[in-house]
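Q: Can you keep this structure in mind? I'll have questions shortly.
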Amino acid sequence: MEMEEKKRVSWANFDLYCIIRYVIKYFWMVILSALIFVMGIYLIQRVALTPKYTSVVTFSVTSRSKSTQIGNLAASSTVAEQFGELLSSDMVQRAAAQRMGVSSFPASVNVRAPENTNILNMEVTADTPEAAYKSALAIMECHSEYSKPVFSAVVLDNINGPTIAAESSSGSTRNLLLQLSAPLGAAAMIVLLVMTAMQADTVQTSVGAKQQIDGKLLATIYHEKKRRTLRDKLHRKKTSLLISDPLCSFYYSETIHQLRVMLERAHEKNHRQVFVITSCSENEGKSTVAANLALSLAQKHRRVLLVDGDMRKPAQALIFEQQIERGKDFGHFLTEGFTEQSLLAAVEHSETSHLHTLFSASVRRRKMESFSADSFRPIFAALRKSFSYIIIDTPPLGFFADADVMAEAADATVLVVRQDLVPAIAVNDAIDTLNESHSEFLGFVLNNVHSFRAIVLPSGSSRYGYGYGYGYGYGYGYGYGHNYGYGYGRSKSKQSSGKSKKKSEEDSSDE
């Protein structure tokens, strides 16, 4: 029953901003669809639809004895209708065909008699303007042979025509259809893109995250602009989004502090010290979340260490704009060995933020593939002695096994999920992987959330103002690729560990 509720589609799962952004991203398909519709309608009109040309003749029904009109208007209207039936009859058309010297009449005749008038309008339609004109002229010349015996008291007087058609009689309709083809094609593609965006099953809202993801939502971090000042915008400078920056928004900082409380509870109740921060894919903002979480903890506790465990694409040194000294990085101690003194000597400390950091340089892929949970346990054990909180930034789960391996040696894990990026089923598979490790899966963070409501409503009016941006904006290194590498199974979230026996105590530097 619970699974059926999760599969049920709800409008609360979708955000208009994400749908509009998806349509804009693939707007080239909208333009292409409009052009294809225009070309298709034009070709159909040229090949399948033969243009028709109409010659118009206007008659009036008058008395044969006098040039005046028939006195009784109703009678005149009736006679005009009868003349119309005669002009469009087969015998008149056969006579007109003989006069033209053809075997069959090459046009169609439509006669209209406006109500309560003695006027008669004859429209002769053919494939060419010349055929339409000659057909109308032939009917005018031969119809009197058949009308005189029937209508002895009245006669048809030619008021106007026959006209020569300058353009196709269906030209206006064809032009209108051609003009409408572009917006119709664009609208059809927009509808298709909207349906595709809704079928993507990505996490777009906090409500949807609770329904789609098999885990606890720890925090929702809303988008924060990277270029905060006019100078940054003019120079297109991207800066790291750290809570230590005085320009960062209040809502952004408060959300990070709320997330910090979750880790403090796990530390106090279950003695969790080593926390792995990971994601399903790249560019979800896990490195920035890890850095800010460590900064928030360091504001309250003095023994906090941030470790860059992403040895394939290290980011923390770039976020904090620090240089990495070879031989004193996390990857070096894993591959070459360490002593407790050398490990602590490599840890850098900031006097302003009170944060301890252990950066990492890139490690060769072959060496990374040889790492196991036992490779990390000794170094984590050495760090546990000196630090109460250890935040580990790892590579994405979807590309490498590093995060899974480090989760085996850690105490707890947190998954960062960026809005509208990874399908919910891939997120659930990642959570299943974390639940199978020995560490406790605390929950997930919905990151970089753009809300249409937050854009429309003015600041401060029930707005979800938690600003937050993803990533750190440095163009360096290499990408992880594009395949998520997940299966399609699901499993229930792993339950938390048992109750703790006593609270952990901070040393004097923490107080």
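Q: Only residues that are outside any helix (DSSP H, G or I) and under 22 Å from H332 (Cα atoms): list them for the range 293-316, please.
A: Initial filter on the range 293-316 (outside any helix (DSSP H, G or I)): 301-315.
V304, L305, L306, V307, D308, G309, D310, M311, R312, K313, P314, A315, listed by residue number.
Q: Taking into account only those residues within the range 127-139 that are over 11 Å from R99 (Cα atoms) and not polar (S, T, N, Q), which is modelled with the lowest pLDDT?
A: D127
Q: From V276, V261, grab the single residue that is in a helix (DSSP H, G or I) and either among the aliphatic types (A, V, I, L, M) or within 21 Å of D402 (Cα to Cα) (or both). Give the derivation first.
A: Numbers: V276 fails: in a helix (DSSP H, G or I).
Within the list V276, V261, the selection yields V261.
Q: Quick check on my filter: what residues within the range 426-441 are charged (D, E, K, R) and assigned to a strand (DSSP E or B)? Don't jump to the end; show me each part of the working.
A: Residues of the range 426-441 charged (D, E, K, R): 429, 432, 436, 440.
Matches in the range 426-441: E440 only.
Q: Among the residues of the range 248-262, how many are within 15 Å of R303 (Cα to Cα) and either β-branched (V, I, T) or more than 34 Å from the chain's Cα centre (by Cα) (or both)? Steps first, please.
A: As a first pass, look at the range 248-262 and keep what is within 15 Å of R303 (Cα to Cα): 260.
Subsequent filtering for residues that are either β-branched (V, I, T) or more than 34 Å from the chain's Cα centre (by Cα) (or both) retains none.
Residues in the range 248-262 being within 15 Å of R303 (Cα to Cα) and either β-branched (V, I, T) or more than 34 Å from the chain's Cα centre (by Cα) (or both): 0 in total.
Q: Considering only residues that are in contact (Cβ under 8 Å) with a residue 24 or more places away in the chain and within 17 Å of G161 (Cα to Cα), look in the range 99-117 and name the one that is surrounded by the most Cβ atoms within 10 Å (Cβ to Cβ).
A: Ranking the qualifying residues of the range 99-117, first place goes to A107.
Q: Moving on to the next point. For the range 442-450, does any single residue satisfy the condition of being of a type outside the set (A, V, I, L, M), more than 20 Å from S240 (Cα to Cα) and assigned to a loop (DSSP other than H, G, I, E, B)?
A: Start the filter on the range 442-450 by keeping residues that are of a type outside the set (A, V, I, L, M), which leaves 443-444, 447-448, 450.
Those left that are additionally more than 20 Å from S240 (Cα to Cα): 443-444.
If we keep only those that are assigned to a loop (DSSP other than H, G, I, E, B) too, we end up with none.
No; the residues of the range 442-450 include none that is of a type outside the set (A, V, I, L, M), more than 20 Å from S240 (Cα to Cα) and assigned to a loop (DSSP other than H, G, I, E, B).
Q: A follow-up question, please. What number of residues within the range 142-190 are without any contact (Cβ under 8 Å) to a residue 60 or more places away in the chain, in contact with a helix residue (DSSP H, G or I) (Cβ under 8 Å, 6 or more places away or on another chain) and exposed (fewer than 12 other Cβ atoms within 10 Å of the Cβ)?
A: 2
Q: Sticking with this one: Taking S360, is it among the hydroxyl-bearing types (S, T, Y), without any contact (Cβ under 8 Å) to a residue 60 or more places away in the chain and assigned to a helix (DSSP H, G or I)? Let's see the steps before the verdict.
A: On the way: among the hydroxyl-bearing types (S, T, Y): yes; without any contact (Cβ under 8 Å) to a residue 60 or more places away in the chain: yes; assigned to a helix (DSSP H, G or I): no.
Against the criterion (among the hydroxyl-bearing types (S, T, Y), without any contact (Cβ under 8 Å) to a residue 60 or more places away in the chain and assigned to a helix (DSSP H, G or I)), S360 does not qualify.
Every residue, every condition in (1) modelled with pLDDT of 90 or more; (2) touching a Phe, Trp or Tyr at 6+ places or on another chain (Cβ under 9 Å); (3) in the same structural domain as I24 (by TED's automatic domain parsing), yes or no:
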| residue | (1), (2), (3) |
| --- | --- |
| C142 | no, no, no |
| S147 | no, yes, no |
| L156 | no, yes, no |
| A182 | yes, yes, yes |
| L193 | yes, yes, yes |
| L218 | yes, yes, no |
| R227 | no, no, no |
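Q: From the list S65, S89, S108, S60, pick out the single residue that is polar (S, T, N, Q), in the same structural domain as T125 (by TED's automatic domain parsing) and at pLDDT below 80.
A: Details: S89 fails: at pLDDT below 80; S108 fails: at pLDDT below 80; S60 fails: at pLDDT below 80.
Exactly one of S65, S89, S108, S60 is polar (S, T, N, Q), in the same structural domain as T125 (by TED's automatic domain parsing) and at pLDDT below 80, namely S65.
Q: Okay, moving on. Among the residues of the range 319-352, what is the count of those that are surrounded by fewer than 19 Cβ atoms within 10 Å (Cβ to Cβ), closer than 19 Å to V289 by Cβ and of a type outside the set (D, E)?
A: Residues in the range 319-352 being surrounded by fewer than 19 Cβ atoms within 10 Å (Cβ to Cβ), closer than 19 Å to V289 by Cβ and of a type outside the set (D, E): 2 in total.
Q: A further question on this structure: Would you please name the residue that is nearest to L293 (Cα to Cα), looking only at residues in the range 191-228 that are of a type in the set (S, T, N, Q) and surrounded by fewer than 17 Cβ atoms within 10 Å (Cβ to Cβ)? Walk me through how you get there before you give the answer.
A: Restricting attention to the range 191-228, the residues satisfying the condition of being of a type in the set (S, T, N, Q) are 196, 199, 202, 204-206, 211-212, 220.
Filter once more, so that each one left must be surrounded by fewer than 17 Cβ atoms within 10 Å (Cβ to Cβ): 196, 199.
Numbers: T196: 35, Q199: 33 Å.
Filtering first and then ranking leaves Q199.
Okay, residues lined up against (1) crowded, with 23+ Cβ neighbours inside 10 Å; (2) farther than 17 Å from L297 by Cα; (3) touching a Lys or Arg at 6+ places or on another chain (Cβ under 8 Å); (4) not polar (S, T, N, Q):
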| residue | (1), (2), (3), (4) |
| --- | --- |
| R365 | no, yes, yes, yes |
| E369 | no, yes, no, yes |
| A373 | no, yes, no, yes |
| F380 | no, yes, no, yes |
| L397 | yes, yes, no, yes |
| A401 | no, yes, no, yes |
| D404 | no, yes, no, yes |
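Q: OK, next. Just a yes or no: is a residue in the range 279-292 farther than 23 Å from L242 by Cβ, modelled with pLDDT under 95 and part of a helix (DSSP H, G or I)? Lay out the reasoning, then the answer.
A: Restricting attention to the range 279-292, the residues satisfying the condition of being farther than 23 Å from L242 by Cβ are 280.
Going one step further and asking which of them are modelled with pLDDT under 95, we end up with 280.
With the extra rule that they be part of a helix (DSSP H, G or I), the set shrinks to none.
No, every residue in the range 279-292 fails to be farther than 23 Å from L242 by Cβ, modelled with pLDDT under 95 and part of a helix (DSSP H, G or I).
Q: If you don't mind, another one. Report whether or not F387 is surrounded by fewer than 24 Cβ atoms within 10 Å (Cβ to Cβ), part of a loop (DSSP other than H, G, I, E, B), more than 29 Å from the chain's Cα centre (by Cα) and in contact (Cβ under 8 Å) with a residue 24 or more places away in the chain. Lay out the reasoning, then the answer.
A: On the way: surrounded by fewer than 24 Cβ atoms within 10 Å (Cβ to Cβ): yes; part of a loop (DSSP other than H, G, I, E, B): yes; more than 29 Å from the chain's Cα centre (by Cα): yes; in contact (Cβ under 8 Å) with a residue 24 or more places away in the chain: yes.
Against the criterion (surrounded by fewer than 24 Cβ atoms within 10 Å (Cβ to Cβ), part of a loop (DSSP other than H, G, I, E, B), more than 29 Å from the chain's Cα centre (by Cα) and in contact (Cβ under 8 Å) with a residue 24 or more places away in the chain), F387 qualifies.
The values are calculated or read from the model by the stated rules, or taken from the named source; none is laboratory data. Keep in mind that this is a model prediction, so the values were computed, not measured. Backbone-built Cβ (ideal geometry, glycine too); neighbour counts: all protein chains shown.
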